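A.B. asks: Got a structure here, written out as structure tokens. Questions coming.
Any read-out appearing in this document is the output of simple, stated calculations on the displayed coordinates, not a laboratory observation. Worth saying up front: this structure is predicted, and the values here are computed from it rather than measured. No Cβ is skipped: glycine too gets one built from the backbone with ideal geometry, and neighbour counts run over all protein chains shown.
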Amino acid sequence: MLTQINKPEHGSQAWLGVRWKNDDGETRIAASAAAAVHGQHPFITVTDLAVELLSDTPPVPKEANSAMLRGTTLEAPIREWAAKLLGHALIEPDILYCYDEPGVRLIATIDSMSDDGRVFEQKTTNKIWRGELPEYWYWQGVQQAVCTGANEITWVVFDSTLDLHFHVQGVSSDEKRAHIEACRKFLASIDMGIMPDDAVLEYRHVQEIHSNAEPSKEIELPMSALATLEHYLAVKEQREQAEKTEDLLKAELCNVLGDAEYGLIQDQLVCTWKSSTRESFDSKAFKAAHPALFDKFKKTSTVRTFRVAKEKK
């Protein structure tokens, strides 16, 4: 079933909240993360998405990086530019588009729409557009088509040539159904409160799930943990030895380079050793000079650190 809901301010906590769960407290998959369900998102793994949806708290707005700022800053100008090239108006919808059926809950934010209901997705990239959708754009387009009932998505791409390009993505009923079924399988695990079969928990995921330690709490580990612990120590030692070897080899090469920036072998560039200037904020000096201002802006965060105990404390 296709439904529409009011769209909170894009990027706000409220916007993140309605994309995360519906009014019944059931988690949703947002179009921007759709490729993660298929294991084809370069920035969001299937485990990342699962951890987010299994969390007790909604995601929070993240500090915008350069690419995000570029996209949000240029969104309105690109819309106006595209409208002039197309010869008709494009509007930013003030609603979010949802698709719901038993076991499947999808939601999509649409960048622009024409008066006749055509869907437009805007992207900026620092690469040259070659006319082929990256996989994670492709799945985003499929979900947008599912949620809006459209059969095609028109991509408006501003690339490193400083020009605007149009690409029409046709979305078949088979593509929609394939995505819906993949989402059904993924959400079945989430609804049972478990990780999907293909999810692999990394340390960063476990840190997020168990972010705070209960003071003085002890737990008896299973004997199987002993083998894992020994493996961890062996890998840690191998890494430390590899880092020492890396340092010695780098020292040998850089000693040969001396004050040269470039190293060549038979006129072919093989290595560089360039100087660079970095600026850093001296928080210790700032605290000493402006203690009240330092206290006003300092940020406290909790981080759990894993260590192997030499002896019980």
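Yes/no matrix, rows are residues, columns are (1) outside any loop (DSSP other than H, G, I, E, B); (2) of a type outside the set (A, V, I, L, M):
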{"site": "ILE78", "(1), (2)": "yes, no"}
{"site": "ALA82", "(1), (2)": "yes, no"}
{"site": "PRO93", "(1), (2)": "no, yes"}
{"site": "GLY117", "(1), (2)": "no, yes"}
{"site": "GLU121", "(1), (2)": "yes, yes"}
{"site": "ARG130", "(1), (2)": "no, yes"}
{"site": "GLN140", "(1), (2)": "yes, yes"}
{"site": "CYS147", "(1), (2)": "yes, yes"}
{"site": "ILE153", "(1), (2)": "yes, no"}
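A.B. asks: Now for a separate question. Kindly check whether there is at least one residue in the range 87-94 that is buried (at least 19 other Cβ atoms within 10 Å of the Cβ) and either within 19 Å of THR124 (Cα to Cα) or touching a residue at least 12 places away in the same chain (Cβ under 8 Å) (or both).
C.D. replies: Yes, there is a match, as at least one residue in the range 87-94 is buried (at least 19 other Cβ atoms within 10 Å of the Cβ) and either within 19 Å of THR124 (Cα to Cα) or touching a residue at least 12 places away in the same chain (Cβ under 8 Å) (or both).
A.B. asks: Something else now. Taking only the range 170-194 into account, find how many residues are of a type in the set (Asp, Glu) and farther than 16 Å from ALA145 by Cα.
C.D. replies: Residues flagged as of a type in the set (Asp, Glu) and farther than 16 Å from ALA145 by Cα within the range 170-194 amount to 1.
A.B. asks: I need a count of the residues in the range 204-242 that are without any contact (Cβ under 8 Å) to a residue 24 or more places away in the chain, among the small types (Gly, Ala, Ser) and in a loop (DSSP other than H, G, I, E, B).
C.D. replies: Total satisfying the criteria: 1.
A.B. asks: Ok, one more. So which residues in the range 39-94 are in contact with a strand residue (DSSP E or B) (Cβ under 9 Å, 6 or more places away or on another chain) and under 22 Å from ILE194 (Cα atoms), if there are any at all?
C.D. replies: If the condition is that a residue be in contact with a strand residue (DSSP E or B) (Cβ under 9 Å, 6 or more places away or on another chain) and under 22 Å from ILE194 (Cα atoms), then LEU49, GLU52, LEU53, LEU54, PRO58 are the ones that fit.
A.B. asks: Mind telling me which of the residues SER224, SER189, SER211 ends up being within 15 Å of SER55 (Cβ to Cβ) and either exposed (fewer than 10 other Cβ atoms within 10 Å of the Cβ) or touching a Pro at 6+ places or on another chain (Cβ under 8 Å) (or both)?
C.D. replies: Testing whether each residue is within 15 Å of SER55 (Cβ to Cβ) and either exposed (fewer than 10 other Cβ atoms within 10 Å of the Cβ) or touching a Pro at 6+ places or on another chain (Cβ under 8 Å) (or both) leaves just SER189.
Table: residues versus (1) outside any loop (DSSP other than H, G, I, E, B); (2) closer than 30 Å to THR124 by Cβ.
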| site | (1), (2) |
| --- | --- |
| LYS176 | yes, yes |
| HIS179 | yes, yes |
| CYS183 | yes, yes |
| SER189 | yes, no |
| LEU201 | no, no |
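A.B. asks: Can you go through VAL51, VAL46, VAL60 and tell me which one is in contact (Cβ under 8 Å) with a residue 12 or more places away in the chain and closer than 27 Å to GLY149 by Cα?
C.D. replies: VAL46
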